[in-house]
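Step one of this worksheet: look at the structure below.
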Amino acid sequence: MKRLPVGIQTFRKLIDGNYLYVDKTEHIHRLIVQGSVYFLSRPRRFGKSLLISTLNEIFEGEKELFKDLWIYKADYAWEKYPVVRIDFSRKKAENGKDLKGFILHQLENIADKYGISLKHDQYDEAFDELLTKLSEINKVVVLIDEYDKPIIDNIESKELAVEFREILKGFYTIIKACDEYIRFVLLTGVSKFSRAGVFSGLNNLEDISMDARYSSLLGITREEMEVSFKEYIDQFAESEGSSKSELIEKITYWYDGFCFSRSCEKVFNPFSVLLLFKKLSFGNYWFESATPSFLIKLIKGKGFDLNRLDRVKVGESAFSSYEIENLKVVPILFQTGYLTITGYDKERMEYTLAYPNFEVKNSMTECLTEAYSFVERELVHGYAWKLIDALREHDFDAFFDTLRVFFAEIPYDIHIDREKYYQTVFYLIFLLIGLKVEAEVRTNKGRIDAVIIDKDVHIFEFKFDGDKDNALKQIRDKKYFEKYQGVGKEIYLFGVEFTDRNIGDWVIEKL
């Protein structure tokens with residue numbers, strides 16, 4: 001079996017080391033021959049750096065590296081071009097001077113590679129000079145990886161983020177000014193700032209982030225997984241004691257579902273898939289590689305309704321961009337990969353966004369539960385299972401004692417609508433339970449009542465500063481239980497008081 005390229009972002013190293021490569025060169029060939037100045041946004045760890053490295057080798061004419069790949073037999077000339085390649089993830093700039101110095105240093109290194117001496121010591125002027133002089137060799141290829149990293153690294157410091165945006169704007173503007181010298185440009189990143197922001201001077205840029213032709217340029221399709229990872233699937237299925245089809249369905253449930261166009265061609269997260277086959281164990285690999293602490297803060301700070309996170313409806317403008325001065329929750333969640341496209345209504349020109357898969361939904365729900373309840377995430381998982389076990393064992397005292405843990409640490413002086421805040425915590429807890437047991441769990445928006453269907457059916461009604469008996473009466477009066485009768489499960493009704501910032505008395509009735 002070919003080795004798994006975990007953490008490898010260099011195409012030459014991947015090929016020379018006989019690592020597994022999912023052949024994307026047909027897509028790359030189309031990219032090269034059909035256009036010249038591109039922008040591509042994708043979530044972190046989705047293969048952007050490997051794409052940049054692959055393009056670098058193609059434009060340097062390294063045909064033999066591609067011997068067993070689609071592009072090798074294609075009608076492509078393999079002409080050699082000078083390449084300007086800059087990776088902004090290599091440096092965390094502390095200030096504007098630091099960022100300008102990093103850019104200038106990269107340009108000088110590239111100039112040295114081609115035997116060129118730069119006279120200008122200003123980063124933008126040096127870029128102009130480099131492109132002009134390189135064009136005497138041949139037209140120039142410009143590859144920019146993580147174009148937005150300096151801004152994203154400082155997104156919580158608006159003043160510094162704006163300063164970095166203006167520096168990068170000046171840098172990228174040179175690309176348009178030097179168009180006559182350029183053969184090909186690709187800028188990649190996670191975020192998509194508006195054309196009035198970073199790319200205001202680069203209006204010839206073709207954004208392919210949501211272009212159906214390139215929806216699987218990065219990521220792994222199901223067909224690619226079944227073919228490229230066949231031997232690993234066989235090995236894993238044997239170790240799991242399951243059939244190949246069962247294993248593939250489980251892998252799909254955990255890691256598939258990312259979609260970047262209206263056509264909704266789904267792809268697997270490549271980082272999680274590689275680690276899955278390396279470890280032969282399911283885990284939250286992509287999510288755990290970088291906890292979205294900034295996003296959690298933004299969600300809480302904006303008072304965002306978490307009920308909307310799964311299956312939110314948005315128009316085209318939700319994808320267009322975002323600005324440092326006015327950060328919006330949904331566009332950022334989409335661009336960072338925590339939400340993805342799950343449907344498109346042509347008549348309404350409306351997209352449906354939702355969590356892409358179990359890994360993201362489960363991990364994000366745990367993170368949000370920690371943020372709202374102040375229970376450490378390491379404990380959230382265990383407490384969720386305690387709740388499940390208590391219900392399965394009919395130990396309802398233990399269930400409510402465990403439930404109280406989630407409210408005990410919430411600060412008394414939270415500065416938002418208190419009832420809405422507690423409702424959010426209830427929503428997250430019951431959502432988490434449903435994810436753990438892979439069963440139906442419903443919570444109604446606007447009030448906290450919940451249904452957990454596992455071994456039995458459990459119907460809850462919570463009353464804030466209310467009465468447990470009235471809560472139980474509401475379940476009976478509104479006949480919440482009727483739809484669950486006749487399913488062969490025992491049904492338990494719970495009326496629960498929520499008083500003095502935590503779970504109070506409760507009453508139970510078995511139908």
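The values are calculated or read from the model by the stated rules, or taken from the named source; none is laboratory data. Since we're looking at a predicted model, the values are computed, not measured. A quick note on method: Cβ atoms are made from the backbone with ideal geometry, for glycine too, and the neighbour counts reach across all protein chains shown. The accessibility values were calculated without ligands, DNA or RNA, using every heavy atom of the protein model including side chains. Shrake-Rupley method; radii C 1.70, N 1.55, O 1.52, S 1.80 Å.
Taking amide hydrogens as modeled 1.01 Å from N in the peptide plane, which residues meet the under 5 Å criterion relative to Val185, leaving out close sequence neighbours?
Val37, Tyr38, Val142
Looking only at the chain, where both bridge partners belong to it, what percent of the DSSP beta bridges are antiparallel (to the nearest 5)? It would help to have the intermediate numbers written out before the result.
Values: 27 of 54 bridges.
Bridges in the chain that DSSP calls antiparallel: roughly 50 percent.
In 10 Å bins starting at 0, how do the alpha-carbon pair distances of region 283-340 split up by percent?
P(r) for region 283-340, in whole percents per bin: 19, 55, 24, 2.
Hey, any idea what the orientation-averaged projected area of the convex hull of region 139-279's Cα atoms comes to, in nm²?
For region 139-279, the mean projected area of the Cα convex hull comes to 11.2 nm².
So what are the ³J(HN,Hα) numbers for region 8-24, from phi and the Karplus equation (6.51, -1.76, 1.60; θ = phi - 60°), rounded to whole Hz, Gly and Pro as x?
These are the phi-based 3J(HN,Hα) values: 8, 10, 10, 4, 4, 4, 5, 6, 5, x, 6, 8, 5, 10, 6, 5, 10 Hz.
Calculate, for region 76-185, the solvent-accessible area per residue in square angstrom, rolling a 1.4 angstrom probe over the heavy atoms of the protein chains.
47 Å²
Taking the Cα atoms of region 447-507, what is the range of coordinates along each of the three principal axes, in descending order and whole Å?
38, 22, 18
Return the whole-Å distance between the Cα centroid of region 140-210 and the Cα centroid of region 59-110.
If we compute the Cα centre of each part, the gap is 16 Å.
Expressed in whole Å with the largest first, what are the equivalent ellipsoid semi-axes of region 2-42 derived from the C-alpha gyration tensor as the square root of 5 times each eigenvalue?
Sorted largest first and rounded, they come to 25, 12, 9 Å.
Please give the per residue volume of the convex hull enclosing the alpha carbon atoms of region 1-134, rounded to a whole number of Å³.
Taking only Cα atoms, region 1-134 has a hull volume of 137 Å³ per residue.
Note down the nm distance, to one decimal, between modelled labels 7 Å out along Cα→Cβ at Gln34 and at Glu240.
3.4 nm
In nm, give the distance between the simple-model label positions of Ser281 and Asp397, each being 7 Å from the Cα along the Cα-to-Cβ direction.
Taking the two extended label points, one gets 3.7 nm.
With charges set only on the Cβ (+1 for Lys and Arg, -1 for Asp and Glu), what does the dipole of the chain come to about its Cα centre, in debye to the nearest 20?
660 debye
Report, in degrees rounded to the nearest 10, the 0 to 90 angle that the Cα long axis of helix 25-34 makes with the longest principal axis of the chain.
It is inclined by approximately 60 degrees.
Dividing the alpha-carbon Rg of region 232-316 by 2.2 N^0.38 Å yields what?
Its radius of gyration relative to the 2.2 N^0.38 Å reference: 1.39.
Per-residue HN-Hα couplings for region 105-116, Karplus 6.51 cos²θ - 1.76 cosθ + 1.60 at θ = phi - 60°, whole Hz, x for Gly and Pro?
5, 5, 5, 5, 4, 5, 4, 4, 4, 9, x, 10
Which cross-chain or sequence-distant (5 or more) residues have an amide H under 5 Å from the amide H of Asp87, H modelled 1.01 Å from N in plane?
When sequence neighbours closer than 5 places are left aside, the close amide H contacts are Asp145.
I'd like the accessible area for His394, computed on protein heavy atoms only with a 1.4 Å probe and all protein chains in place. Round to 10 Å², please.
70 Å²
Would you grab the residues whose amide H sits under 5 Å from the one on Asp207? Only those 5+ places off in sequence or on another chain, please, with H modelled 1.01 Å from N.
Under 5 Å from the amide H of Asp207: Phe39.
Taking the chain as the reference, fit the longest principal axis to its C-alpha atoms, fit the long axis of helix 158-177 to the helix C-alpha atoms, and give the angle between the two in degrees, 0 to 90, nearest 10.
40 degrees
Using only Cα positions of region 138-200, each an equal point scatterer, no hydration layer, compute I(q)/I(0) via Debye at q = 0.14, 0.15, 0.16, 0.26 Å⁻¹ and quote the log10 values to two decimals.
Treating every Cα as an identical point scatterer, log10 I(q)/I(0) equals -0.42, -0.48, -0.53, -1.15.
Send over the per residue convex hull volume for region 294-396, Cα only, as a whole number of Å³.
Roughly 130 Å³ of hull volume per residue.
Give me the compactness ratio for the chain, meaning the Cα radius of gyration over 2.2 N^0.38 Å.
1.13
Debye calculation, C-alpha points only, no solvent: report log10 I(q)/I(0) for region 62-182 at q = 0.09, 0.12, 0.22 Å⁻¹, in the same order as the q values.
Result of the Debye calculation: -0.31, -0.52, -1.21.
Could you work out how far apart the two model spin labels at Asn203 and Glu108 are, taking each label as a point 7 Å from the Cα in the direction of the beta carbon, and quote it in nm?
3.6 nm
For the charge dipole of region 60-112, defined by +1 on Lys and Arg C-beta atoms and -1 on Asp and Glu C-beta atoms about the Cα centroid, which residue among Ile110, Asn95, Val83 has the Cα displaced farthest towards the positive pole?
Checking the options against the dipole of region 60-112, the answer is Asn95.
With no solvent and one point per C-alpha, what does the Debye sum give as log10 I(q)/I(0) for region 338-437 at q = 0.11, 0.15, 0.20, 0.21 Å⁻¹?
Debye curve over Cα of region 338-437, log10 I(q)/I(0) at q = 0.11, 0.15, 0.20, 0.21 Å⁻¹: -0.41, -0.68, -1.00, -1.06.
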